[in-house]
Amino acid sequence: MSFIAEQLSRVQPSATIAVTNKARELKAAGRDVIGLGAGEPDFDTPDNIKKAAIDAITRGETKYTAVDGIPELKKAIADKFKRENGIDYDPGQCFVAPGGKPIIYNAMMATINPGDEVIIPAPYWVSYPDIVLLAGGIPVAVEATIEHNFKLQPEQLEAAITEKTKWIIFNSPSNPTGAAYTHDELKALTDVLVKHPHVWILTDDMYEHLVYDDFKFVTPVQVEPSLKDRTLTMNGVSKAYAMTGWRIGYAAGPLELIGAMRKIQSQSTSNPTSISQWASLEALEGPQDFIPERAKVFKERRDMVVALLNECEGLECPTPEGAFYVYPSCAGCIGKTAPSGKVIENDSDFVTELLETEGVAVVQGVAFGLEPYFRVSYATSTEALTEACARIKRFCAALK
Ligand code: PLP
């Protein structure tokens, strides 16, 4: 019998990290590789935020803090929810963790009993099902298809809810598709949830600020305030403020849940880094004008990438509302033979052959729960994107 815990055998290592590592290895071996696998902005953290961190160090803010965050940051989080989402949370209902991922982890560990089900619309962010499994729950993936622009339909949600459903994890704009729900689309889902009071909602709003073409972001409690008593509204500084390495995520929700999450965090990571918390305070309270400026750059890249990918034989790429990903279908390439002689049987083969033949790293759709697709991150320079799309086009054209 293995020394390693049994439940770990059901958990996958992150596929996105695996692709990034493989691309890094090939690069180190001298190959010309363009990585479109990473889920982080290529922009740097703004200077005022860096300075706030340096000032915090100089002031000696280098000690343990309260487990769930410094009061100043929790107040700034409550202010953010009021200002940007029109939701009233008390600072005591706010919670700071070492990243958005630990928020989800803490929430699941704090609430899941064996056999509890968690509805996860697919394609989903890779970590959701594995975190649910680690917590002893059952992830229930519900496929949101390309015909519906990768958005869950109310009838599907209704059909997926059972008496064992504990949570739905909702993510808009989505990683990996970039799809974001309009007010009316979200209202149709919250109308279903209103009818099932035992189901809690974890809304992952990480990409809130990355929406394009005047799209208006909305979060469930904003659309249906009666859900507030059973919703955990989660967000973070990683994507909007280009602070992935600083490790700060935050959430707000009912006190009992927040208290249980605090218990988990107190016995696992303890407080998030003091210095990053002070930097995040500046992120939330300092100038916000760089956000739309950067979003404009992302929008231009999105438009370019969608146009170029749609020129590729066998690919179909919808135009998403937000985030910095597109999720093209490679259904038209399945069954064809790659230059290496290998028949492309699924999206994993497509991705592997693309990397081997043309040195472009993308992530296979199977990792996100919907095949045959792949995820392209356009959080990289326009030149790299242009070259990568040209290579993808050449690769598709070479398939026989
Ligand atoms: N949620 C989504 C949808 C994400 O894409 C990511 C990161 O890729 C996270 C949460 C995790 O964010 P963090 O890096 O702050 O843990």
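Since every read-out is calculated from the coordinates, none of them should be taken as a lab result. The model shown is predicted, which means the values in this text are computed figures rather than measured ones. Because the Cβ atoms are built from the backbone with ideal geometry, glycine has one as well, and the counts that use them run over all protein chains shown.
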Task: Selection within the range 285-329 - more than 22 Å from residue 151 (Cβ to Cβ), charged (D, E, K, R) and without any contact (Cβ under 8 Å) to a residue 40 or more places away in the chain - done: 289, 293, 296
Task: Scope the range 13-48; condition buried (at least 17 other Cβ atoms within 10 Å of the Cβ), within 15 Å of the ligand (Cβ to nearest atom) and hydrophobic (A, V, I, L, M, F, W, C); matching residues - done: 15, 19, 36, 38
Task: Tally of residues being surrounded by fewer than 18 Cβ atoms within 10 Å (Cβ to Cβ) and not acidic (Asp, Glu) across the range 196-219 - done: 5
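Out of everything in the range 247-258 that is within 25 Å of residue 293 (Cβ to Cβ) and either in a strand (DSSP E or B) or among the hydrophobic types (A, V, I, L, M, F, W, C) (or both), what residue ends up being farthest from the ligand (Cβ to nearest atom)?
Of the residues in the range 247-258, the ones within 25 Å of residue 293 (Cβ to Cβ) are 247-250.
If we keep only those that are either in a strand (DSSP E or B) or among the hydrophobic types (A, V, I, L, M, F, W, C) (or both) as well, we get 248-250.
Values: 248: 7, 249: 4, 250: 9 Å.
Here the residue is 250.
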Open item on the list: For the range 266-284, give me the residue count where each residue is in contact (Cβ under 8 Å) with a residue 24 or more places away in the chain, over 14 Å from residue 70 (Cβ atoms) and not small (Gly, Ala, Ser).
Closed with: 1
TODO: Within the range 230-246, identify whether any single residue is over 22 Å from residue 49 (Cβ atoms), in contact with a strand residue (DSSP E or B) (Cβ under 6 Å, 6 or more places away or on another chain) and assigned to a loop (DSSP other than H, G, I, E, B), and answer yes or no.
DONE: no
TODO: Output yes when any residue across the range 220-240 is more than 22 Å from residue 278 (Cα to Cα), touching a residue at least 60 places away in the same chain (Cβ under 8 Å), buried (at least 24 other Cβ atoms within 10 Å of the Cβ) and away from the ligand (no atom under 16 Å from the Cβ), and no when none is.
DONE: yes
